[in-house]
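*Asks:* To start, I am sharing the structure in question, which I have written as C-alpha cells.
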Amino acid sequence: MTTTILLADDHRIVREGLRQLLDAQDAFEVIAEADDGEEAVQIAEAQQPDIAIMDIWMPRLSGIDAIRRISKTRGTRSIALSMHDSRTYVEEALRAGASGYVVKSSATEDLFEAISAVRAGRSYLSPAVAQQVVEAITRPGDTSASAAAVLTGREREVLQLIAEGHSSKEIAGLLGVSLKTIESHRANLMEKLNIHKVSSLVRFAIRSGLVSP
C-alpha cells in the first residue's frame, strides 16, 4: 500500500532533496509540495494525503498552526520536521496535533520509520527529542509554548505576522479582514500575554516556535 505524502517547507532545495529520497521508496509517493503553511493547509484539505510532513517555520502560517488545522482534515496525519530538538518546539508540535516529530539532522531512515509508524496509526519521535517529552511529563513548567496556548488561532497568525515585520495594515490585507479587526486581535493577544512592546512580542514568537530567529 502506497503512502501519499505532502511536503511543506519554505526552502525549495530541502523539498527537492526530500522528494528524491521519498520517491525512491516504493512505499511512498509525494503527491504535492507547499512552501508556506497556508498553502499546505489548502492542499491537505483538497487532496487529503495520508501524511503531511511539515517544517515548523514557514511564512504566512507557521508549521505549528498549519498542523493544528490539518489535524482536523479527515485521514491526514502530520509529522513535524525541524532543525530544533528543544522541549518548547516538541511540546508545541505535539499539542497542535502532530503524530510525529523528526529532527532534520537525523538519518534518512529516521524519517522513513516515522512515516511508516504514523501511517500505521502510531506516534513517532526522533530519539533526539524523546527525552524532551519525558521531561515535559516529569518536570512540567511554564514555557512560552504553554503560554501561547491561550491565544486563538487567528491571534497566533497575527502574532506571527507581527513578528515577521508586517504592519497592521499589511496584516489586514494578507488575512483579508479589516484594519479594525487586526487592531482588536493585536490588543487581545497583548493583553493575554501581558506583553505590550513589539520587540517583546517578537522574542516571545521566537521562543514559541512561530518564527525563526
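The values are calculated or read from the model by the stated rules, or taken from the named source; none is laboratory data. Note that this is a predicted model, so its numbers are computed, not measured. Neighbour counts are summed over all protein chains in view; Cβ atoms, including those assigned to glycine, are modelled from backbone coordinates with ideal geometry.
*Asks:* Conditions first: (1) part of a helix (DSSP H, G or I); (2) in contact (Cβ under 8 Å) with a residue 40 or more places away in the chain; (3) among the basic types (Lys, Arg). Residue 15 passes all but one, so which condition is the exception?
*Replies:* (2)
*Asks:* Of all residues in the stretch 52-84, how many are outside any helix (DSSP H, G or I) and more than 21 Å from residue 130 (Cα to Cα)?
*Replies:* Summing the residues that are outside any helix (DSSP H, G or I) and more than 21 Å from residue 130 (Cα to Cα) in the stretch 52-84 gives 11.
*Asks:* Do you know which of the residues in the stretch 22-51 that are in contact with a Ser or Thr (Cβ under 7 Å, 6 or more places away or on another chain) and in a helix (DSSP H, G or I) is nearest to residue 4 (Cα to Cα)?
*Replies:* Once the filter is applied, the top-ranked residue is 44.
*Asks:* Also: Can you tell me how many residues within the stretch 85-101 are touching a Leu at 6+ places or on another chain (Cβ under 9 Å) and closer than 15 Å to residue 131 by Cβ?
*Replies:* 3
*Asks:* Only residues that are over 21 Å from residue 57 (Cα atoms) and surrounded by 16 or more Cβ atoms within 10 Å (Cβ to Cβ): list them for the stretch 117-134, please.
*Replies:* Listed by number, the residues that qualify are 117, 118, 119.
*Asks:* Could you tell me whether any residue of the stretch 196-211 is at positive phi, more than 22 Å from the chain's Cα centre (by Cα) and not assigned by TED's automatic domain parsing to the domain that holds residue 80?
*Replies:* No: the stretch 196-211 contains no residue that is at positive phi, more than 22 Å from the chain's Cα centre (by Cα) and not assigned by TED's automatic domain parsing to the domain that holds residue 80.
*Asks:* For residues that are assigned to a loop (DSSP other than H, G, I, E, B) and within 19 Å of the chain's Cα centre (by Cα), scanning just the stretch 1-12, find the one that is surrounded by the most Cβ atoms within 10 Å (Cβ to Cβ).
*Replies:* 9
*Asks:* Moving to a separate point now. It is to be established whether one or more residues within the stretch 27-50 are over 28 Å from residue 148 (Cα atoms) and free of Cβ contacts under 8 Å to residues at least 12 places away in the same chain.
*Replies:* Checking the stretch 27-50: at least one residue is over 28 Å from residue 148 (Cα atoms) and free of Cβ contacts under 8 Å to residues at least 12 places away in the same chain.
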